[in-house]
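The values are calculated or read from the model by the stated rules, or taken from the named source; none is laboratory data. In this text, all values refer to a predicted model and were calculated from it rather than measured experimentally. Here the Cβ positions follow ideal geometry from the backbone for every residue, glycine too, while neighbour counts run over all protein chains shown. Keep in mind that these areas ignore ligands, DNA and RNA; they rest on the heavy atoms of the full protein, side chains included. Shrake-Rupley method; radii C 1.70, N 1.55, O 1.52, S 1.80 Å.
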Amino acid sequence: LFDALADQAALAIERIQLVADVDRAKLAAEADRLRSALLTSISHDLKTPLAAIMGAAGTLREYSGSMPEADRADLLATMVDESERLNRFIGNLLDMTRIESGAMEPNSSLHFVGDVIGTALRRAAKILAHHRTEVDIPADLPMLRLDPVLFEQVFFNLLDNAAKYAPSGSVVRLRGWAEETAVLLQVVDEGPGIPPADLERVFDTFYRVRKGDQVRAGTGLGLSICRGFIEAMGGTIAAGNRTDRSGAVFTIRMPIPGETPGWKP
Ligand code: ADP
């Protein structure tokens, strides 16, 4: 009986190894496919603004002498805008690499979250020029342990998305409130919202919901950076949709540090 069992076990192990080999081969092929899709996507995102810059620079070199001043200004504006876009994208790629390699080390200390969000709002003012912003962040929220540079970037990315995906003239709302152990912060818009099946995937690197979104300047990096930054600071971020009308809701939950002075729920 023992021999028979041993044979059976040996057979089972052999089968498991066979399955594992097939899975490993499948995984390796999938990883290769993802890597090349990633490279294609990155190259495209780098080349598009670069092509615009090269085009404008070439035209300026060739015709700048005989060109009306307004056209020259247009070309220069294109060069500045596209350089900024390129710079943002490279910055995002670097942030992403730091998050994924685990080298993201937040420089956290106690801050009033309203101040940090105020800075993000000022930075996003130009982008949000065609939206109405409503801010409902009480001044007496407990202080949070966070890295203001990273936190500001998270809100900037969320506001940038709200401006991109919600129609102009619509309201972008920032809300904050405290619960017993955490402060909750939300960015709420009046755009199309996010299909329920995509609510988790929007945080994946390079993931974009709609094919049509490709025409919008975007890289699918913004939200994965938000999640990487927030988790590095000990919080969580989730996507949802409004229930009263269409619109996306992004909710950040940050723990209230034990040592917050004077805070009582
Ligand atoms: P990007 O905006 O550069 O594509 P993100 O990582 O910021 O990349 O967002 C990923 C995807 O999630 C977007 O392409 C878009 O499809 C969807 N998304 C993000 N924010 C919103 C929003 N406020 N409303 C609707 N869809 C959104």
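Computed quantities for the displayed model
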item: Candidates 18, 150, 93, ranked by Gaussian network fluctuation over the chain, Cα under 10 Å, top entry; result: 18
item: Candidates 97, 251, 40, ranked by Gaussian network fluctuation over the chain, Cα under 10 Å, top entry; result: 40
item: At 1.567 mPa s and 4 °C, Stokes diffusion of the chain via Kirkwood alpha-carbon radius, µm² per second; result: 60 µm²/s
item: Listed residues 118, 65, 176, most fluctuating in the chain (Gaussian network, C-alpha, under 10 Å); result: 65
item: Length gained when the stretch residue 139-residue 22 is fully extended (0.36 nm per residue, less Cα-Cα span); result: 36.3 nm
item: Residues of the range 147-170 with amide N under 16 Å of a point placed 7 Å along Cα→Cβ from residue 238; result: none
item: Percent RCO, i.e. relative contact order, over the chain, from Cα pairs under 8 Å lying at least 6 residues apart; result: 17 percent
item: Å² per residue, accessible surface of the chain at 1.4 Å; result: 59 Å²
item: Estimated FRET transfer efficiency when R0 is 30 angstrom, pair residue 129-residue 74 (beta carbons, to 0.05); result: 0.95
item: Sequence-separation-based contact order of the range 64-199, relative, with Cα cut under 8 Å and 6+ spacing, percent; result: 22 percent
item: Solvent exposure ordering (accessible area, 1.4 Å, most first) of 131, 44, 111; result: 44, 111, 131
item: C-alpha center-to-center spacing [the range 127-173, the range 33-96] in angstrom; result: 27 Å
item: The range 111-253 - share of DSSP beta bridges that are antiparallel (%, nearest 5); result: 80 percent
item: Extension gain (nm, one decimal) between residue 198 and residue 179, 0.36 nm per residue minus Cα-Cα; result: 4.1 nm
item: Antiparallel content of DSSP bridges confined to the chain, in %, to 5; result: 80 percent
item: Helix-derived mean residue ellipticity, 222 nm - over the chain, DSSP H n ≥ 4, -39500 (n - 2.57), to 500; result: -18000 deg cm²/dmol
item: Peptides 142-148, 58-64 ordered by average Cβ neighbours within 10 Å, highest first; result: 142-148, 58-64
item: Cut-off 14 Å between beta-carbons: net charge of the residues surrounding residue 91, Lys and Arg +1, Asp and Glu -1; result: -1
item: Whole-Hz couplings from phi, Karplus 6.51/-1.76/1.60, listed for the range 24-39; x for Gly and Pro; result: 4, 4, 4, 4, 4, 5, 5, 4, 4, 4, 4, 4, 6, 5, 5, 5
item: Segment residue 46-residue 10, length gained on full extension (0.36 nm per residue, minus Cα span); result: 7.6 nm
